[in-house]
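Before I ask anything, here is the structure I am working with.
The values are calculated or read from the model by the stated rules, or taken from the named source; none is laboratory data. All values derive from a computational prediction rather than experimental measurement. We place every Cβ from the backbone using ideal geometry, glycine too, and count neighbours over all the protein chains shown.
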Amino acid sequence: MEYKIKKDTMGEVRVPADKYWGAQTQRSINNFKIGKYKMPIEIIKAYAYLKKAAANANFELGTIENAKRKIISDVCDEILEGKLDDNFPLVIFQTGSGTQTNMNVNEVIANRGNEILGEEILHPNDDVNKSQSSNDTFPTAMHIAAVLQIQNNLLPNIAKLRNTFFELEKKYEDVIKIGRTHLQDATPITLGQEISGWRSMLEHNVFMLEDAFEYIREVGIGGTAVGTGLNAPKDFDKIVVNNLSELTGEKFKVSDNKFHDLTSKDALVNMHGALTALAANLMKIANDIRLLSSGPRCGIGELNIPENEPGSSIMPGKVNPTQCEALTMVCVKVMGNNSVISIAASQGNFELNVYMPLIISSFLESVGLLADAIRSFNDNCAVGITPNYNKIDDYLENSLMLVTALNPYIGYEKAAKVAKLAYKNNLTIREAIKKLGLLSEDEIDEILDPIKMIKR
């Protein structure tokens, strides 16, 4: 491998000749050989939006000339297009402020810009990082990445699954089945009603996410090192945020207290709480479908799910609820990430949180996994769900909890006597009532009509 020599305030460093990063990035590579988890590319692209917005603001305020603004902007566009992805090699476990990632971006923009220009006019600190600090840019990039990934990746996939459930809900609104509480037989419900619960869960999860956006759209750019705004010109923050909103198509706003924004990660904790609520609902939905489709002969078997692949290496013909299992594993991972983020967010000592790379990597992992898993579950499982009418009708007819409808006519104690007789002698509720002579045939038909037990 060929190398070139790059300098920083600590001296000279060898850098691969075909890369655009500089000495500070290389020192991070050399010093932090910890794990295989790289800084998410979503953060790098968030930084590209931010550096472009900052260059525009600095030009507008007269702190850099137009030539520098333009070349910074052009290189940021290359980053956003994915042309420079292999120039961002740093791992998550680095300095807790994300300083080295900020400098990685600064160095790549400066060196690539100088290459395009054919002369050394851009400096990573003096120009690309003008009016900024790692301490206000990294938290801002975190919020940008979080907003964009939830809006562009997660929410469309939630909507997709919600729409699938809505279609199934309407399609099977008249399919009466037995309900279950405590995993035991309960009173009747329609399959459409049961699915409507799943649909409503997702709708409420979207409301929770949208509410959390109010706080995560606040950014602390302009606070610089400790929130005071040292070295940032007046109105720099407002101009940057206006530019960010225009560049991303998402509305951001200046934090009303930058001391809070630099040290507290409560907005991300709050948003990830909404992601955890989503994971909890998805876990329940996937487990419901897994149990309702269990069998095919010795389980509940009320639902049929698509047969995606052979389920066993030893049991021929076996089909497993693999999409349900994959989705629930993702949910567990998200719940684990919630603990990581909550603990890391508590480490805002004095004016700066120093666990930020860990927070945002865990956060973006949750968003990405949820989006992928929801899409996979929808396309490979949910859209293909159908009722097993024979099983549904058989369970309904033989359920002991139809006895509940008798309470207003014969009282709780006599109804309990009917249920116990039916269970002991393997009778239906209808047969047990007849044996005890409590009601006429016409009365039994009227009271035990499942349709009348469903409140629509």
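What are the pairs, 6+ residues apart or on separate chains, where a residue within region 376-398 that is under 30 Å from Asn153 (Cβ atoms) has its Cβ under 6 Å from a residue that is charged (D, E, K, R)?
Listed pairs, sorted by first residue: Asn378/Lys160.
What are the residues in region 67-125 that are charged (D, E, K, R), surrounded by fewer than 21 Cβ atoms within 10 Å (Cβ to Cβ) and in contact (Cβ under 8 Å) with a residue 40 or more places away in the chain, if any?
Asp74, Asp85, Asp86, Glu115
Would you point out which residue out of Leu202, Leu168, Leu183 is on the phi > 0 side of the Ramachandran plot and touching a Leu at 6+ places or on another chain (Cβ under 9 Å)?
From the options Leu202, Leu168, Leu183, the qualifying one is Leu183.
What helices (runs of 4 or more DSSP H) completely inside region 341-456 contain at least 2 residues that are in contact with a helix residue (DSSP H, G or I) (Cβ under 9 Å, 6 or more places away or on another chain) and within 18 Å of Thr187 (Cβ to Cβ)?
It comes to 389-398, 407-410, 412-424, 429-436, 441-447.
Here is a yes/no grid of residues against (1) in contact (Cβ under 8 Å) with a residue 60 or more places away in the chain; (2) out of contact with any Asp or Glu (no Cβ under 8 Å at 6 or more places or on another chain); (3) outside the structural domain of Leu84 (by TED's automatic domain parsing):
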position: Asp8; (1), (2), (3): no, yes, no
position: Gln24; (1), (2), (3): yes, no, no
position: Lys33; (1), (2), (3): no, yes, no
position: Ile41; (1), (2), (3): no, no, no
position: Ala53; (1), (2), (3): yes, yes, no
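Name the residue that is nearest to the chain's Cα centre (by Cα), counting only residues in region 445-456 that are over 11 Å from Leu402 (Cα atoms) and surrounded by 13 or more Cβ atoms within 10 Å (Cβ to Cβ).
Only one residue tops the list, namely Ile454.
Yes/no per residue for (1) in a helix (DSSP H, G or I); (2) hydroxyl-bearing (Ser, Thr, Tyr):
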| residue | (1), (2) |
| --- | --- |
| Leu202 | yes, no |
| Val206 | yes, no |
| Leu209 | yes, no |
| Thr224 | no, yes |
| Leu230 | no, no |
| Lys238 | yes, no |
| Val241 | yes, no |
| Asp256 | no, no |
| Asn270 | yes, no |
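Name the pairs: first residue in region 167-190 and surrounded by 17 or more Cβ atoms within 10 Å (Cβ to Cβ), second residue of a type in the set (Lys, Arg), Cβ to Cβ under 8 Å, at least 6 apart or on different chains?
If the second residue must be of a type in the set (Lys, Arg), the pairs left are Glu169/Arg199; Pro188/Lys177; Ile189/Lys177; Thr190/Lys177.
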